[in-house]
Amino acid sequence: MHIENKKIGYFGEPGSHTENAAKGFFEQKANGGFKIDYMSFATITLLLEALLKKQIDKAVLPIENSIEGVVTLSIDELINGSGIKIENEVIVEIRHHLISVGSIKEVRKVISHPQALAQCSKFIQNLHLPLAEDRIIAAISTSAAVKEVAKRNDPKIAAIGSESALRIYKRDNCELEILAKNIQDEETNKTRFFVLGHENNPWTGKDKTSIIFGTEDKCGSLVDVLLVFKVLGINMMQISSRPSKKKLGEYIFWVDIDGHREEKTIQVAIGQIAKITTFLKILGSYPKAE
């Protein structure tokens, strides 16, 4: 029997929270039906380029955190991406750990992804790091931070990352250890990830739809859009804005709504909103994460 191979791309180095989300989702879906090859990408831009060129079948990237809000890089790339659809969402509980080769008393610098650094800001503050410009170092991902700490082998620098990243990079440096567990500021730290592809999902009855749109720079233009949802009784689950990058003060809005694009009420709403916005794009309808 021929078993199909699926290529799944994800943002970050091996051991990242995004890789964990990808594996948790697809290994449950596969159930022996297809083989999975995972591919890591250093940037979200490269990940989505590979998806557009069909070098990978699906892409997984972080989109929103319960503490720090939306991941702006992901939203910007999705706004500009052509032909990419949101097929699923995955919600993962995030546990951050302080990882290094020495003791916690020796730590003078902390490196991680900016989102992770922000999610652990209280813990970092309590470390009482020296007031040096480079005491906080941004990395492209949490797993890249752990990889860097393993490479440097310096007890004065610690990474904020996952236990899976520790297991991977401990092979390169056996002295790598968790110095402090669960250092995130909030116990309810969760991140929402998108599974992206090229397909439109069928209606399931438990769906949400993501759209982006632009409005004219005039009084009440955004309110007019929101009133469409209110009048039609559509629950708006999330709204965020990003600069259009074309004109100062001009914004693009991202909205998640309850329902599927094939539902009559959603179709009516989309039709009405298209008439009162400068542009409108449906990013996808997909099942709500459990």
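Annotations for the structure displayed:
- Screening VAL60, VAL70 for residues that are modelled with pLDDT of 90 or more and β-branched (Val, Ile, Thr) leaves exactly one candidate, VAL60.
- Count of the stretch 92-130 residues which are at negative phi, assigned to a loop (DSSP other than H, G, I, E, B) and not hydroxyl-bearing (Ser, Thr, Tyr): 12
- Selection count where residues are surrounded by 22 or more Cβ atoms within 10 Å (Cβ to Cβ) and out of contact with any Lys or Arg (no Cβ under 7 Å at 6 or more places or on another chain), scope the stretch 145-161: 9
- Subset of the stretch 212-240 (residues that are at pLDDT below 90 and surrounded by 13 or more Cβ atoms within 10 Å (Cβ to Cβ)): GLU216
- All conditions in (1) among the β-branched types (Val, Ile, Thr); (2) surrounded by fewer than 16 Cβ atoms within 10 Å (Cβ to Cβ); (3) over 15 Å from the mean Cα position of the chain (by Cα) hold for ILE36, with the sole exception of (2).
- A residue that is within 17 Å of the chain's Cα centre (by Cα), surrounded by fewer than 15 Cβ atoms within 10 Å (Cβ to Cβ) and either aromatic (Phe, Trp, Tyr) or not in a strand (DSSP E or B) (or both) occurs nowhere in the stretch 174-185.
- Elements of type strands (runs of 3 or more DSSP E) contained in the stretch 186-290, each with 1 or more residues being free of Cβ contacts under 8 Å to residues at least 60 places away in the same chain and among the β-branched types (Val, Ile, Thr): 236-243, 251-258
- Residue check, ALA42 of a type in the set (A, V, I, L, M), surrounded by fewer than 16 Cβ atoms within 10 Å (Cβ to Cβ), in the same structural domain as PHE11 (by TED's automatic domain parsing) and in contact (Cβ under 8 Å) with a residue 12 or more places away in the chain: yes
The values are calculated or read from the model by the stated rules, or taken from the named source; none is laboratory data. Given the structure is predicted, the values throughout are model-derived calculations rather than measurements. Cβ sites come from the backbone with ideal geometry, for glycine too, and all protein chains shown count toward neighbours.
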